[in-house]
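What follows is a set of notes on a single structure, which appears directly below.
Rule-based calculations on the coordinates, nothing more; no lab input. Computed from a prediction, not measured in an experiment: that's the story for all the values here. Here Cβ is always computed from backbone atoms with ideal geometry, including for glycine, and neighbour counts include all displayed protein chains.
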Amino acid sequence: MAADLGKTARPDLTGIEHVPGSKKPDAIVVGDHITRQFGGLKAVDVGHIEIQRGVITALIGPNGAGKTTLFNLLTGFDTPDTGEWSFNGHPLARVVPHKVARLGMVRTFQLTKVLAKLSVIENMRLGAKGQSGESFLKAALPFLWRSEEARNTERADELLARFKLDAKREDFAGSLSGGQRKLLEMARALMVDPELIMLDEPMAGVNPALKQSLLGHVKSLRDEGRTVLFVEHDMDMVRDISDWVIVMAQGQIVAEGTPDAVMADPAVIDAYLGAHHDTDLSEMDEKALEAEAEAELEAELHDTETKGS
Amino acid sequence: MNTTEKSPATEEPKAAPTQARRTPPEVVTSIVLGILGITLALGFTSPFAIIKGRQAVAKIDEDPARYDGRPLAMVGQVLGIVGTVWLVAWLVLSFTVGFAGIDMFDVLRTALNQALGPNAIVYALAAIGLNVHFGYTGLLNFGQAGFMAVGAYGLAVTVVTWDQPFVLGILVALLAPVLLALVLGVPTLRLRADYLAIATIATAEILRLVFGAVETKSVFGGSNGLNNYAGTYQDANIFRTWDVFNPGGALGFDRLDLWIMSFSKRDLWSMVIGWLLVALCCLVVWALMRSPWGRLLRAIREDEDAVRSLGKNVFAYKMQALVLGGLFGGLAGLYLALKQASVVPSDYSTNMTFLAFVALLIGGAARVAGPVIGAMILWFLISGMREFFEQATAGADPVMPTWLMDNTQASLIRFVAVGLGLMLLMIFRPQGIFGDRREIAIDGR
C-alpha cells in the first residue's frame, strides 16, 4: 500500500458547522460554483463543497438530485458548464478521466463495469498503475515486464483473498453475481491504490447477506487511511458507516452534518426521507404484500372452482 | 454438471403431467437438412441430418413424457442416410471416372491452389489487421481496402512516378498506412465506434476514386493504374535460377506439380514471401496480445469507461491499435502490388474489406490463427465453387439446367453461397472456427 497513507487517528468532525458547503479542517477535494445544465434542467448547481480527508462521506438525496452527475463531473467523465475544483490542491477542471484516476481519485460505477470477458484475475491486473508491459514497444518483450506482472499478480491475489473472491480467480468476470461484481470493482479500484475512492451506489443490487461484508470492506478502506466518498440510497448503510453526510436535492447541497444530525434535520426529512423515516419500510411492505398475495390466491382458487363445476 | 442439469428435467413431467408434449427442435432441423440434402444441397447436408436425427431420438427416448415426434426424427435420419449414400457414391464416381461432365478432381485442385496461393495470403494479411482492430480492440474499420491502397500505391508511385529506388518504395508503402491511421484516428477515436466505421469506409472510397481519377492520371495512372515497379521483386525469385534438387543448375520445370496442386515459379516465390509475412505478422500479434498491452485492448473492446476510470489513456491505446492493424493492411496491399506486378484502383473496392471481414469471422475473431485459417477456407470455397459451377454450366448441353443457372451467373452464385454460409455461421457458430463460445455467451455487464 502507499506509503503516504498514514494510519493516523480519525479526524475529529465535531467542530465542523452543520451548514451546506462548510469548511473542513483538512479537505482533500474543494469545489466552487460547479454547475451542469442539461437543456432546461440544472442538474448540478453546487456553490461550495469540501470533502474531508480520511473519513467516509456519504452523498445522499432523492432520485435526480444530481449525485451521479456530480460524481461524473468531479472525475472528468463529464464536463461542467462552470466551476473549478481541486484534488489535493491540484486543479482538476478539464482534466481527462484517466489523469484524474492517476492522481489518486478513483471511482466505481452505479452499473458495475467489470470486464465480463476477462477473467477475474485479469480484471485485477488491469488495475495496476504504471505497467511497463502496457507500453507498445515493450509489450512484445516479456522479459521486460514479467517480474512486474508477478508483483502485480501477488498484490491482486491478496486483494482477492481480502474480498473473498479468490475462489473465482480464473472465472470470467461475467459469471459473477451482482454483489460479487461490486466487490470486484472495488478491489480493482484498489489496485490503482487511490487516496480517494468514490463508490457510486455500492449497495445497489446486492443481497442482504453480502451487504454486511461490503459494509465491512468500505470501513476497512477508511481504516487503512483512504478517503471514501459514496452515493447511496440505503439509509441503514449511511447511518452505519458514514462519518459525514452531504444531502443534495435538485442539484444543490441542502444540508450537511453527522448522520444523526442530518437525519434529525426537519428540512432533510421533508425533502428526502418523508414521514416514515424511522419505521422500517421494507418490513411494512412485506406484510402488506403478503396480505395482498393471499387475497389474490384465494380469489384465483375460487375462480377455478367455479369454472371446474 | 450433467447430473445437476438432469434432475430437475426428470422431475418436471411428474409435477406437470398434463403439460403438452412437444417436438424437440432437432427433429425439424434434421428433416430440413435431410430434404435439402437430397435436393438442392447435393448431399452435403445429409450427414448433418443423420447427426441431428440421432440427437433428437436420444432426447425423446431419455424423456418420453416431455417430447414426442420420434417417427419424424426417424424420417429425418433415413433421408440423411439416403443423401449421404448418394453423396459418397457421387463423390467417388466424380473423382474416379468424372461424373456428368464435372471433373471433381479439377475442382478440388483449383480450390486447394487458391487456398494456399497468393490470393489467400493477401486476404489473410488484411484480416490479421482487421483482427487487431475489430477482434481485439473493437474498432470497426470498414476501410481496410484504403489502408491496402495506400500501401500498394506508396510503392508504385515512389518507383514509377518519382523514379526512386525500390527499397525506398517499400519504406513509403509501410509509412503511408501509418499516416493514414493517424489522420483517421485523431478526429474519430474520441467519438463512438460508429463514427470510425463511417469515416474509414468513406476514406477508403475517396482514396480509390482519387487514385483512379482522370485528373490525377499523371501521378496514379488513372483507371489503368501503374506497373513496371516490381522488377526487383521478380528478379529476386530464387526459383528462377535455383534448383532444390540440383544446386547451381536452373530449375528443371516450369511449374511445380504436386499431383493435387500445381504452382508456377512466380506464384511459388510469392507464396514463400507471403507465408513468411503471414507467419511474421501472426508472431507479432501473438506476442503483443498475451502482454498487458493486449489485455488493455481487450478491456477497451468491452468498456472504455471502465478502463479510463483505472487511469489508462484509452485514446492512445486505440490509436496504437489502429496504426498496427492499418500497417498490416498496408502490408497486404504492398504484397498484392508485388505479386500481381500492377496496381489497379478497382482492386481496392469495399468488396476487399468485406471479404477480409468474412475471412476473419470464419476463422474466429480475437484468435491469432483465426484470420489466416479463415482466409484459406474462404478462398478454398469461392474458387472451388466457381470452378464447379463453371464446369456445370459449360458447353452446349450443360449439366445444370439453364433455367436454374447459366454460364454468366456461374461466377456470381458463389458470393450468394458465401453470404448464405456466413449467415448460417453467425447463427450456429458466432465465434467462428477458433473462437471461444463462452466469450460470446457472456453478455452481461
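A compact table of results
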{"item": "Using alpha-carbon coordinates, inclination of helix B:118-130 to the longest axis of chain B, degrees", "result": "80"}
{"item": "Cβ neighbours within 10 Å from other chains - mean over A:130-136", "result": "6"}
{"item": "Kyte-Doolittle mean at least -1.0 and Cα axial length at least 27 Å: DSSP H helices in chain A", "result": "A:281-308"}
{"item": "Debye, to nearest 20: dipole size of the protein assembly as shown, +1 on Lys, Arg Cβ, -1 on Asp, Glu Cβ", "result": "2900"}
{"item": "Peptide-level mean, for B:288-301, of C-beta atoms on other protein chains within 10 Å", "result": "6"}
{"item": "Alpha-carbon centroids, the range B:252-316 and the range B:317-375: separation in whole Å", "result": "10"}
{"item": "Nearest-20 debye value, chain B charge dipole, Cβ charges on Lys, Arg, Asp, Glu", "result": "1000"}
{"item": "Packing rank of B:155-163, B:208-216, where each peptide gets the mean count of other beta carbons within 10 Å, highest leading", "result": "B:155-163, B:208-216"}
{"item": "Calculated FRET efficiency for the pair B:W86/B:T23, C-beta based, R₀ 25 Å, to 0.05", "result": "0.40"}
{"item": "Average projected area [Cα convex hull, the range B:317-397], square nanometres", "result": "7.3"}
{"item": "Distance (nanometres) between label positions extended 7 Å along Cα→Cβ at B:I433 and B:F105", "result": "2.6"}
{"item": "Protection-proxy order for peptides B:139-145, A:99-105, B:277-283, each taking the mean of Cβ atoms within 10 Å per residue, highest first", "result": "B:139-145, A:99-105, B:277-283"}
{"item": "Cβ-Cβ FRET estimate between B:L420 and A:D12, R0 fixed at 60 Å, reported to 0.05", "result": "0.20"}
{"item": "Diffusion constant of the range B:163-221 at 25 °C, which comes from Stokes-Einstein with the Kirkwood Cα-pair radius and 0.890 mPa s, µm²/s", "result": "184"}
{"item": "Residue mean of other protein chain beta carbons inside 10 Å, A:145-156", "result": "1"}
{"item": "Mean shadow area of the protein assembly as shown over all directions, Cα convex hull, nm²", "result": "46.5"}
{"item": "Rel. contact order, % - alpha carbon contacts under 8 angstrom, at least six apart, chain B", "result": "21"}
{"item": "Sequence-distant residues sharing a close amide H with A:D78 (under 5 Å, placed H)", "result": "A:L73"}
{"item": "Spherically averaged projected area in nm², based on the convex hull that wraps the Cα atoms of chain A", "result": "21.8"}
{"item": "Sequence-separation-based contact order of chain A, relative, with Cα cut under 8 Å and 6+ spacing, percent", "result": "24"}
{"item": "Furthest towards positive pole of dipole, A:G47, A:A264, A:A299, structure part chain A, Cβ charges", "result": "A:G47"}
{"item": "Helix B:46-62 vs. chain B, principal-axis angle (Cα, 0 to 90°, nearest 10)", "result": "40"}
{"item": "Residues of the range B:148-182 with amide N under 17 Å of a point placed 7 Å along Cα→Cβ from B:S218", "result": "B:157-158, B:160-163"}
{"item": "Placed amide H near A:G257: partners under 5 Å, 5+ positions off or other chain", "result": "A:V245"}
{"item": "The range B:314-320 - phi-based ³J(HN,Hα) in whole Hz, Karplus 6.51/-1.76/1.60, Gly and Pro as x", "result": "4, 4, 4, 6, 5, 5, 4"}
{"item": "Between helix B:2-15 and chain B: long-axis angle, C-alpha atoms, 0 to 90°, nearest 10", "result": "40"}
{"item": "Tally of Lys pairs whose C-alpha atoms are under 19 Å apart, taken over chain B, 8 or more apart or cross-chain", "result": "4"}
{"item": "Relative contact order [Cα under 8 Å, 6+ residues apart], the range A:43-118, whole percent", "result": "20"}
{"item": "Positive-end extreme of charge dipole, the range B:112-441 - chosen from B:I427, B:I273, B:Q391 (charges on Cβ)", "result": "B:I427"}
{"item": "Under the Debye formula (equal points on every Cα, no solvent term), log10 I(q)/I(0) of the range B:267-357 at q = 0.12, 0.16, 0.17, 0.21 Å⁻¹", "result": "-0.52, -0.81, -0.87, -1.08"}
{"item": "Sum of side-chain charges, A:K23 neighbourhood, beta-carbon under 9 Å (Lys, Arg +1; Asp, Glu -1)", "result": "-1"}
{"item": "Unit charges at the beta carbon, dipole of the protein assembly as shown: most positive-side option, A:W244, A:G15, A:S147", "result": "A:S147"}
{"item": "Amide N proximity, the range A:90-118 versus A:E84 label position 7 Å along Cα-to-Cβ, cut-off under 12 Å", "result": "A:90-94"}
{"item": "Three-way shape call for chain B based on the alpha-carbon gyration tensor, with the a/c threshold at 1.5", "result": "oblate"}
